[in-house]
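Heads up: the structure comes next, in structure tokens.
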Amino acid sequence: MTIERIIIQTRGPGLYEFTDEAQALLSAHGSGEGVMTVFVRHTSCSLLIQENADPSVRQDLQAFFRRLVPPSSDPTMDYIRHRDEGPDDMPAHIKAALLPVSLSIPHHGGRLLLGTWQGLYLFEHRDHPHRREILLHF
């Protein structure tokens, strides 16, 4: 068993693909088979397996989650108490509670067994840049 790290420097909200980095780390450790576990070590971002061909999919996902969980400055969010780090703070935690923070991906022969249009993404929910750490266990 091996644990590797990927660091993603975000620039604000959005989906940041890291499929190639994960594949390279897996390939460097041999050609066996099993399951790679991916885990993000933060409470205000999440992980997704999502389409990586059409950028409008990522744009639509961001728009949907902005509407689903608006900033705490929005009048519909006046019940929010946790506002320590600004109006995006608690909404980011809510989004991370709704979406996965870990993924399991089968691999065989040193290759991730993702579908043709599937990619691995960090989904950043905060407005400001952050340094995000993702652990890979295989």
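The values are calculated or read from the model by the stated rules, or taken from the named source; none is laboratory data. Everything quoted here is computed from the prediction, not taken from an experiment. Heads up, the Cβs are rebuilt from the backbone with ideal geometry, glycines too, and the neighbour counts pull from every protein chain shown.
Within the range 117-138, being in a loop (DSSP other than H, G, I, E, B) and either within 11 Å of the chain's Cα centre (by Cα) or at pLDDT below 95 (or both) holds for H125, F138. If you filter the range 86-117 down to residues that are free of Cβ contacts under 8 Å to residues at least 12 places away in the same chain and within 25 Å of E21 (Cα to Cα), you find that the one that is surrounded by the most Cβ atoms within 10 Å (Cβ to Cβ) is L113. Contact annotation: no residue pair with Cβ atoms under 9 Å, 6 or more positions apart or on different chains, pairs a residue in the range 1-15 that is at positive phi with a partner that is part of a strand (DSSP E or B) and basic (K, R).
Do we have any residue at all in the range 30-37 that's on the phi > 0 side of the Ramachandran plot and either surrounded by 13 or more Cβ atoms within 10 Å (Cβ to Cβ) or of a type outside the set (A, V, I, L, M, F, W, C) (or both)? For the range 30-37, residues on the phi > 0 side of the Ramachandran plot and either surrounded by 13 or more Cβ atoms within 10 Å (Cβ to Cβ) or of a type outside the set (A, V, I, L, M, F, W, C) (or both): present.
Surrounded by fewer than 17 Cβ atoms within 10 Å (Cβ to Cβ), assigned to a loop (DSSP other than H, G, I, E, B) and more than 12 Å from the chain's Cα centre (by Cα), is that true of R83? Judged against the criteria, R83 is a match.
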